[in-house]
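The values are calculated or read from the model by the stated rules, or taken from the named source; none is laboratory data. None of the values given here were measured: they were computed from a predicted structure. Here the Cβ positions follow ideal geometry from the backbone for every residue, glycine too, while neighbour counts run over all protein chains shown. With ligands, DNA and RNA removed, areas are computed over all heavy atoms of the protein, side chains included. Shrake-Rupley method; radii C 1.70, N 1.55, O 1.52, S 1.80 Å.
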Amino acid sequence: MTERCYYLQGQKHFGNRGCEALTRTTAALLRRESGASRVIVPTVNEAHDRALWVRPDPSVRFARADILPHPRLRLWKRAVRWAPFLTSSAPRFYIPHRVRRDILASDAVLLTGGDTITPDNGMASLVRQVHCADIALHAGIPVVLWAASIGPFEPNPALESYVRRFLQRLSGITVRETMSLAYLDRLGIRGNVALATDPAFLLRAEAPPTAVSVPESDAGVMGLNLSSFAVANRGRRVALTEAVRGFLRAAVGELGLSVLLVPHVEPLANPEQSDRRLLSSIAAGLPELKGRVALLPEGLNAAQLKYCIARCRFFIGARTHSTIASLSSGVPTVSIAYSTKAWGINKDLFGHTRYVISRDALSESALRSALARLLQEEARIRHHLDKVLPLWRSRALESPRLLNDVLR
């Protein structure tokens, strides 16, 4: 069988355990469905990412990622604020030789990361992804958008037009929610498009190498993940942090639950975006709950975090892949939504969004109501997940199937 090489564009580092989960499961899917393969994984910190990959995979090669901000991008980003029509004429800029070399050495580029073609990471990041993909497309190398969320870009027509032109040039697209599928249809993009489950639903949980202390409770443990996206930059950080503390006091004091705080993103360069920093500050304000509220230790990889999450009775999470870890483990889950991802995944999985809290509606009362709903519907939720998860896992195979068709 001919060995093929795949470049995972959009991957930067495993500080975001969701990126790690996507990389692990994508590599496994490619081995299983595409035969012999090599996977190039870009990273800004190879030593850090290798340490998290406990069982080395000989098919995976880490390579230097390019994330340095280019002066042209910075100038363009400023200009767009005053002249939005400039969005459709994004600048060209230099991509380091080592990155171009790895892209051009691949048989296909998989544009991964889950939300690289959304407004969530900013326009400069989006333009960088498009420019890197152009290197492959100009060389005749297929580019497949891999199990992604897309858009929406309607508030910025010029940006939406720019993204539409890019998507039309791709060799194939798989999306992880029907909301993204419908958005593509509105853009007029329908050929070689498929609905596929996020590969992280296939991630296998692994026990941590040393025992993790989980607070004991007859009522069970509630896992909680929060991110800066959920509470920051809206002038309400202090109020929301105290609201979460009030909610945790009620969960422990009134319901008898214990709480496991689960950081899922610990950025290497920007501590302001670290889940651990936020969760640590919340725990520090709850000295009276010592012994009932615990923060997971540093250094756990995505599979080990999933192992801990799967042992929770309930889970509430802001990071999409923290909730994918819980949902795929059959744990009744509330998603705190800061983008379309949470709404779309919940709508497809349950047929409704009753277990989603909008970031803008986050409050102590909203958290209390959401947990009360999980308590009331716990058995129904577990039964439903037991029934639908096998189908969801099988649908993850749609991405490698489409890729095989592209390369045939």
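The table below lists the values:
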item	result
Within the stretch 265-275, tally of residues that are in contact with a His (Cβ under 7 Å, 6 or more places away or on another chain) and either open to solvent by 60 Å² or more (accessible area, probe 1.4 Å) or farther than 20 Å from ALA243 by Cα (or both)	1
Qualifying residues in the stretch 276-309 (those that are open to solvent by 20 Å² or more (accessible area, probe 1.4 Å) and under 18 Å from the mean Cα position of the chain (by Cα)) - the one modelled with the highest pLDDT	TYR307
Any pair with Cβ under 8 angstrom, 6 or more apart, that starts in the stretch 32-58 at a residue that is without any contact (Cβ under 8 Å) to a residue 24 or more places away in the chain and open to solvent by 30 Å² or more (accessible area, probe 1.4 Å) and ends at one that is part of a strand (DSSP E or B) and not basic (Lys, Arg)	GLU46/PHE62; ARG50/PHE62
Those residues of the stretch 362-374 which are touching a strand residue (DSSP E or B) at 6+ places or on another chain (Cβ under 9 Å) and part of a helix (DSSP H, G or I), in sequence order	ALA366, LEU367, SER369, ALA370, LEU371, ARG373, LEU374
Qualifying residue in the stretch 53-61 (condition: more than 20 Å from the chain's Cα centre (by Cα), farther than 19 Å from LEU203 by Cβ, at pLDDT below 90 and in a loop (DSSP other than H, G, I, E, B))	yes
Test for ILE150: is it open to solvent by less than 10 Å² (accessible area, probe 1.4 Å) and either touching an Asp or Glu at 6+ places or on another chain (Cβ under 6 Å) or not small (Gly, Ala, Ser) (or both)	yes
Cross-chain or 6+ apart pairs with Cβ under 7 Å, the stretch 108-134 first and farther than 23 Å from PRO400 by Cβ, then among the aromatic types (Phe, Trp, Tyr)	PRO119/PHE153; VAL130/PHE166; HIS131/PHE93
Residue under evaluation LEU86, criteria (1) at pLDDT 85 or above; (2) surrounded by 13 or more Cβ atoms within 10 Å (Cβ to Cβ); (3) aliphatic (A, V, I, L, M), criterion not met	(1)
Filtered residues of the stretch 328-352 (kept if of a type in the set (A, V, I, L, M, F, W, C), assigned to a helix (DSSP H, G or I) and free of Cβ contacts under 8 Å to residues at least 60 places away in the same chain)	ALA342, LEU349, PHE350
Among residues of the stretch 238-264, those that are of a type in the set (S, T, N, Q) and open to solvent by less than 10 Å² (accessible area, probe 1.4 Å), counted	1
Test result for HIS384, touching a strand residue (DSSP E or B) at 6+ places or on another chain (Cβ under 9 Å) and either surrounded by fewer than 17 Cβ atoms within 10 Å (Cβ to Cβ) or over 20 Å from LEU257 (Cα atoms) (or both)	no
Condition met for ARG128 (at pLDDT 85 or above, of a type outside the set (A, V, I, L, M, F, W, C), more than 15 Å from the chain's Cα centre (by Cα) and not in a loop (DSSP other than H, G, I, E, B))	no
Tally, over the stretch 206-260, of residues that are part of a loop (DSSP other than H, G, I, E, B) and of a type in the set (S, T, N, Q)	5
Matching residues in the stretch 140-190 - criterion: being without any contact (Cβ under 8 Å) to a residue 60 or more places away in the chain and of a type in the set (Gly, Ala, Ser)	GLY140, ALA148, ALA182, GLY188
Selection within the stretch 103-147 - hydroxyl-bearing (Ser, Thr, Tyr), more than 12 Å from GLN9 (Cα to Cα) and crowded, with 23+ Cβ neighbours inside 10 Å	none
Residue in the stretch 117-171 that is farthest from VAL99 (Cα to Cα), counting only those that are charged (D, E, K, R) and touching a Gly at 6+ places or on another chain (Cβ under 8 Å)	GLU160
All positions within the stretch 135-152 that are on the phi < 0 side of the Ramachandran plot and either of a type in the set (Ser, Thr, Tyr) or assigned to a loop (DSSP other than H, G, I, E, B) (or both)	ALA139, ILE141, PRO142, SER149, PRO152
